[in-house]
Amino acid sequence: MKQLLNKWLKNSQLFNFCLKMDTLKQFIFKPNCLLCAESTAQNSKNTHPSTHAVCGECLAELPWHPKTSCPQCGLASSGAGLNAIVCGSCLNSPPDFDATKAVFLYAYPIDAMMLRYKYGSMLNLGDTFGEFLAEKINIEDCLRNIDLIVPMPMHPQRLQERGFNQALEIAKILTKNCKEKLDYKSTERQTLTPPQASLPLKERVKNIKGAFKVNTALKEKRIAIIDDVMTTGASLNELAKTLKKAGASHVECWVVARTLPHQ
Ligand SMILES: [Zn+2]
Ligand SMILES: [Zn+2]
């Protein structure tokens, strides 16, 4: 694994470099795996389609979110085999969202990639994450039952600091064939709260309360919220609650990575 990270870090430096050199990127780097630099085009071990620029060998090593997880919160469930069942915690105290779909567990090397995407200079990882999400959840099928795709809104000040909303970039990939479903304007983040990651779990719920505002009626709308990482789910739950108060009938969370409780 360490070797994989070293290769990836080395490759990501090349990747950063080639972002500035589009021509070179087109001809030399594009067919190479984002993680190990092996060719994704002619690797005989590559058994997966390489829409997300990761080779088959690396794909097999990624921390995939288990299909047996609770369909509502995405955490471990006591489901037998492939039949995932709603966990005890969701049965006892149901969250405001109705379902959670995640691609990965928030573990190595996804955590390192996510940090590079959000705080580094690898903006293209947004496309990669969006493509992974689209493929894992079978986006065409999922979109048939969803009216609106709402990326987790960012407070204007944070947006100015970072320069982009990481959830919106992922949502754009998911809606590339149905742009009319992308809705990043009717929901706002109205309070600037400390980053959730800096707070203990219980404080996160208090911190995020009342943070969102919906500017339009969402009567009977079926909505999927897009976010990069779901940790306690406090932000997603608060947004789901706000969307339902505005009339939404069904809210799902579609996230790139799900953190397990002990992490
Ligand atoms: Zn690879
Ligand atoms: Zn659950």
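Working only within the range 148-167, note down all residues that are part of a helix (DSSP H, G or I) and free of Cβ contacts under 8 Å to residues at least 40 places away in the same chain.
Initial filter on the range 148-167 (part of a helix (DSSP H, G or I)): 156-162, 166-167.
Scanning the range 148-167 gives Pro156, Gln157, Arg158, Leu159, Gln160, Glu161.
When both residues are 6+ apart or on different chains and their Cβ atoms are under 8 Å apart, which pairs have a first residue that lies in the range 122-147 and is of a type in the set (Ser, Thr, Tyr), and a second that is open to solvent by 20 Å² or more (accessible area, probe 1.4 Å)?
Thr128/Ala53
Which one of these is open to solvent by 40 Å² or more (accessible area, probe 1.4 Å) and within 16 Å of ligand 2 (Cβ to nearest atom): Leu91, Leu105?
Leu91
Each row is one residue, and each column tells you yes or no for (1) free of Cβ contacts under 8 Å to residues at least 24 places away in the same chain; (2) farther than 19 Å from Lys136 by Cβ; (3) not assigned by TED's automatic domain parsing to the domain that holds Asp147.
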| position | (1), (2), (3) |
| --- | --- |
| Lys179 | yes, yes, no |
| Ala197 | no, yes, no |
| Glu203 | yes, yes, no |
| Lys206 | yes, yes, no |
| Ile226 | no, no, no |
| Met230 | no, no, no |
| Ala234 | no, yes, no |
| Leu239 | no, yes, no |
| Ser249 | no, yes, no |
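What number of residues within the range 192-244 satisfy the criterion of being of a type in the set (D, E, K, R) and touching a Leu at 6+ places or on another chain (Cβ under 9 Å)?
Step one: of the range 192-244, the residues of a type in the set (D, E, K, R) are 202-204, 206, 209, 213, 219-222, 227-228, 238, 241, 244.
After this cut, where a residue has to be touching a Leu at 6+ places or on another chain (Cβ under 9 Å) as well, the list is 206, 221-222, 227, 244.
Result for the range 192-244: 5.
Which one is surrounded by the fewest Cβ atoms within 10 Å (Cβ to Cβ), of the residues in the range 52-76 that are among the hydrophobic types (A, V, I, L, M, F, W, C), modelled with pLDDT of 90 or more and closer than 16 Å to Phe132 by Cβ?
Ala60
Looking at the structure I just gave you, is Leu34 modelled with pLDDT of 65 or more, within 16 Å of ligand 1 (Cβ to nearest atom) and in a loop (DSSP other than H, G, I, E, B)?
Yes; evaluated as a whole, the condition is true for this residue.
Inspect the range 210-218 for any residue being over 17 Å from the mean Cα position of the chain (by Cα) and without any contact (Cβ under 8 Å) to a residue 12 or more places away in the chain and give the result as yes or no.
Looking for residues that are over 17 Å from the mean Cα position of the chain (by Cα) and without any contact (Cβ under 8 Å) to a residue 12 or more places away in the chain, one finds none in the range 210-218, hence no.
Can you tell me which residue is nearest to the chain's Cα centre (by Cα) among those in the range 170-199 that are open to solvent by less than 60 Å² (accessible area, probe 1.4 Å), closer than 22 Å to Gly130 by Cα and not polar (S, T, N, Q)? If you could, list the steps in order and put the result at the bottom.
Going through the range 170-199, the residues open to solvent by less than 60 Å² (accessible area, probe 1.4 Å) turn out to be 170-171, 173-175, 178, 181-183, 186-187, 189, 191, 193, 196, 199.
Imposing the further condition that a residue be closer than 22 Å to Gly130 by Cα reduces the set to 170-171, 173-175, 178, 181-183, 186-187.
Filter once more, keeping what is not polar (S, T, N, Q): 170-171, 173-174, 178, 181-183.
Numbers: Ile170: 7, Ala171: 9, Ile173: 11, Leu174: 11, Cys178: 19, Lys181: 17, Leu182: 15, Asp183: 16 Å.
Among them, the one singled out is Ile170.
The values are calculated or read from the model by the stated rules, or taken from the named source; none is laboratory data. In this text, all values refer to a predicted model and were calculated from it rather than measured experimentally. With ideal geometry, Cβ positions are generated from the backbone for all residues, glycine too; neighbour counts draw on all protein chains shown. Ligands, DNA and RNA are excluded from the accessible area calculation, which covers all protein heavy atoms including side chains. Shrake-Rupley method; radii C 1.70, N 1.55, O 1.52, S 1.80 Å.
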